[in-house]
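The values are calculated or read from the model by the stated rules, or taken from the named source; none is laboratory data. Values in this document were obtained by computation on a predicted structure and should not be read as measured data. Because the Cβ atoms are built from the backbone with ideal geometry, glycine has one as well, and the counts that use them run over all protein chains shown. Calculation scope for accessible area: heavy atoms of the full protein, side chains included, ligands and nucleic acids excluded. Shrake-Rupley method; radii C 1.70, N 1.55, O 1.52, S 1.80 Å.
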There are 2 protein chains.
Amino acid sequence: MRFTSETSSDGVREQLFTLGEIPGMLWTPDGAAGARALILMGHGGGQHKMAPGITVRARRFAAECGFAVVAVDVTGHGDRPRDEEFDRIATEHQARMDAGEDLASLIADFQALVAGPTVVEWRAVLDAVQKLDHVGAGPVGYWGLSLGCGLGVPFVAAEPRVRAAVLGLAGAVVSAETAARITVPVEFLVQWDDERVPRAESLALFDAFASTQKTLHANPGKHGDIPAFELDSTVRFFARHLG
Amino acid sequence: MRFTSETSSDGVREQLFTLGEIPGMLWTPDGAAGARALILMGHGGGQHKMAPGITVRARRFAAECGFAVVAVDVTGHGDRPRDEEFDRIATEHQARMDAGEDLASLIADFQALVAGPTVVEWRAVLDAVQKLDHVGAGPVGYWGLSLGCGLGVPFVAAEPRVRAAVLGLAGAVVSAETAARITVPVEFLVQWDDERVPRAESLALFDAFASTQKTLHANPGKHGDIPAFELDSTVRFFARHLG
């Protein structure tokens, strides 16, 4: 793990790093020392480790809860090299979408392709980050919506360090069987008028989690229209389960 | 409006009253003076104005938010005289339930019968309570689950003083058209394994609200199993919209 740059503002330290080929960002409270909870965040499709939706949340988790937060670029995203197979599939998907094919199953196909290697990478990121003095081996949370949920479901199912997860904006086409292996508390976000995920598939994914503590939060609006107050709820959810 | 007894504990004053034939309870913060937000609470079927689910919430709204809270016994409940028509219908319903008839439509029939007079009573309660010096004419919220939702939907639809409502544990059999007249922010609670309200009917009622700000919170478990953290969310919801 190699740190490449560092800044600090409003009480939060941001450290860019690479772990092998994986570019990532680590947020910690200024002056952090000793073990603390760590949240791994998975970005959405076409986004990256410093997308506004990641950064805003990461800074709140660090500043308000004292947690460490880490996000890395998924294959083919952000600062990672173009991936030939990824590009070929993305082009093919665009053509199939233009031809009117079912968007949900195309998205699910893509997530299934990326999920295996991503789970391996994210587990290696946890290993590396938890060895740092200012992070340590505290409880782990996962946050990911849309692509971050499609990849997050297999990650949370596979990784026993994860004690709580915020997921959503994704359906059960691919991941229902995997979701049934998740038993930790889940807060699951649904956009009631999501143009990319059919409502019934969202509800089916929520239904599939084996967790005895799981809460679905549904709000009106399209895929990207999650209301601001849901972030307050997310902060409290992680504080309750990891604090 | 006639006050019949008064106690105070842990910073909250409780005043029993009658308004005509209607027995009620008013909670206010100790020493309250001047206008403040007021929450009207509708109890569940077979319950009453001082049922634990009412009292616990009312005391938190008063102590944590500084609100006034009022609850009255619905016809045929609590300290109200037995109502012959109510008793006859309740007996008939029990027989029909025992015969395996659809519970949801029986509940809806009952709520439709009681809703008209209840809305009139609750509006009179608001009029009376808002004339008190320690309540005044602040913004109004409504809280009601199960029967309290079945009666609350027509009340919130009819009463322009209500600015925000927590509803749930009820379906759309009767109230979808009325729900479509509700435009204030709504937090709507669903129990995912509710043995009394079919899941699809709960979702249909949430869908029917015209509110641009509405959030559905679904948790696993049966009709009575709402997790404790939902009360924290309810407190914050009212604080956000009435505070």
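Rounded, prolate or oblate for the range A:25-76? Axes are the square roots of the Cα gyration tensor eigenvalues, ordered a ≥ b ≥ c, and the cut-off for rounded is a/c under 1.5.
Working: a/c = 2.84, a/b = 2.02, b/c = 1.40.
Judged from the Cα gyration tensor, the range A:25-76 comes out prolate (a/c at least 1.5, a/b above b/c).
May I ask you to list the lysines whose Cα is less than 26 Å away from that of A:LYS131, ignoring any residue fewer than eight positions away on the same chain?
Partners found: A:LYS49.
Under a point spin-label approximation (7 Å from Cα along Cα-to-Cβ), what is the B:ASP225-A:ASP225 distance to one decimal in nm?
About 3.3 nm separates the two model spin labels.
Provide A:LEU40, A:LEU132 ordered by accessible surface of protein heavy atoms (probe 1.4 Å), highest first.
Details: A:LEU40 5, A:LEU132 35 Å².
Most to least solvent-accessible, the answer reads A:LEU132, A:LEU40.
Please compute the length gained on full extension between A:ASP232 and A:GLU64, using 0.36 nm multiplied by the number of residues separating them and subtracting their Cα-Cα distance. Present the calculation step by step, with values, prior to reporting the outcome.
Values: separation 168, 0.36 × 168 = 60.48 nm, distance 1.06 nm.
Difference between extended and current length: 59.4 nm.
Using only protein heavy atoms and a 1.4 Å probe, report how much of B:HIS48 is accessible, in Å² to the nearest 10.
Looks like 70 Å² after rounding.
Could you tally the net charge around A:VAL184, taking each other residue with its Cβ under 12 Å from the Cβ of A:VAL184, Lys/Arg +1 and Asp/Glu -1? Walk me through the numbers before you get to the answer.
Numbers: positive: A:ARG161, A:ARG163, A:ARG181, A:LYS214; negative: A:GLU159, A:GLU187.
So the surrounding residues net to +2.
May I ask for the accessible area buried between chains B and A, both sides summed, probe 1.4 Å, to the nearest 100 Å²?
Working: alone 10500 and 10530 Å², together 19420 Å².
Chains B and A together bury roughly 1600 Å² of accessible area.
Just the number, please: carbon plus sulfur as a percent of the accessible area of the protein assembly as shown, 1.4 Å probe, no ligands or DNA/RNA counted. Walk me through the numbers before you get to the answer.
Values: 10030 of 19420 Å².
The computed percentage sits at 52.
Leaving out ligands and nucleic acids, and using a 1.4 Å probe, what accessible area per residue does the protein assembly as shown come to in Å²? Don't jump to the answer; show the numbers that get you there.
On the way: 19420 Å² over 486 residues.
Result: 40 Å² of accessible area for each residue.
Once the label point is set 7 Å along the Cα-to-beta-carbon vector, what list of distances in nm do you get between B:GLU84 and its counterparts in the other copies?
Between copies, matching label points for B:GLU84 lie 9.0 nm apart.
Separation of the range A:175-238 and the range B:1-51 by C-alpha centroid, Å?
37 Å
With a sphere of radius 14 Å drawn around the Cβ of B:ALA218, what net charge do the other residues whose Cβ falls strictly inside it have (Lys, Arg +1; Asp, Glu -1)?
Values: positive: A:ARG199, A:LYS214, B:ARG199, B:LYS214, B:LYS222; negative: A:GLU187, A:ASP207, B:GLU187, B:ASP193, B:ASP194, B:GLU201, B:ASP207, B:ASP225, B:GLU230.
Net local charge, B:ALA218 excluded: -4.
Would you mind listing the distances between the B:MET97 label point and the same position in each other copy? Use 7 Å along Cα-to-C-beta, nm, one decimal, shortest first.
In nanometres, ordered from closest: 5.0.
Report, in order of residue number, the helices in chain A meeting two criteria: a C-alpha extent of 27 Å or more along the helix axis, and a mean Kyte-Doolittle hydropathy of at least 1.0; treat each whole DSSP H run as one helix.
On the way: long enough: A:103-129 (36 Å, 1.16).
Passing helices, by number: A:103-129.
Roughly how crowded by other chains is peptide B:210-221, in terms of the mean Cβ count from those chains within 10 Å of each of its Cβ atoms?
Values: counts 0, 1, 4, 4, 4, 9, 7, 6, 10, 5, 9, 1.
So the per-residue partner count for this stretch is 5.
Averaged across B:233-240, how many Cβ atoms of other chains sit within 10 Å of each residue's Cβ atom? Please list the in-between numbers first.
Values: counts 6, 0, 0, 4, 1, 0, 0, 2.
For this peptide, the per-residue mean of nearby foreign Cβ atoms is 2.
When we measure straight from the Cα of B:LYS214, which aspartates and glutamates land under 14 angstrom away, once same-chain ones fewer than 8 places off are left out?
Straight-distance partners of B:LYS214: A:ASP193, A:ASP225, A:GLU230, B:GLU187.
How large is the helix-only mean residue ellipticity at 222 nm for the protein assembly as shown, computed as the sum of -39500 (n - 2.57) over DSSP H runs with n ≥ 4, divided by its residue count, in deg cm²/dmol to the nearest 500? Intermediate results must be reported in sequence, preceding the final value.
Details: 14 runs with 192 residues, N = 486.
Here the helix-only value at 222 nm equals -12500 deg cm²/dmol.
Any idea of A:PHE229's accessible area? Nearest 10 Å², probe 1.4 Å.
It works out to around 40 Å².
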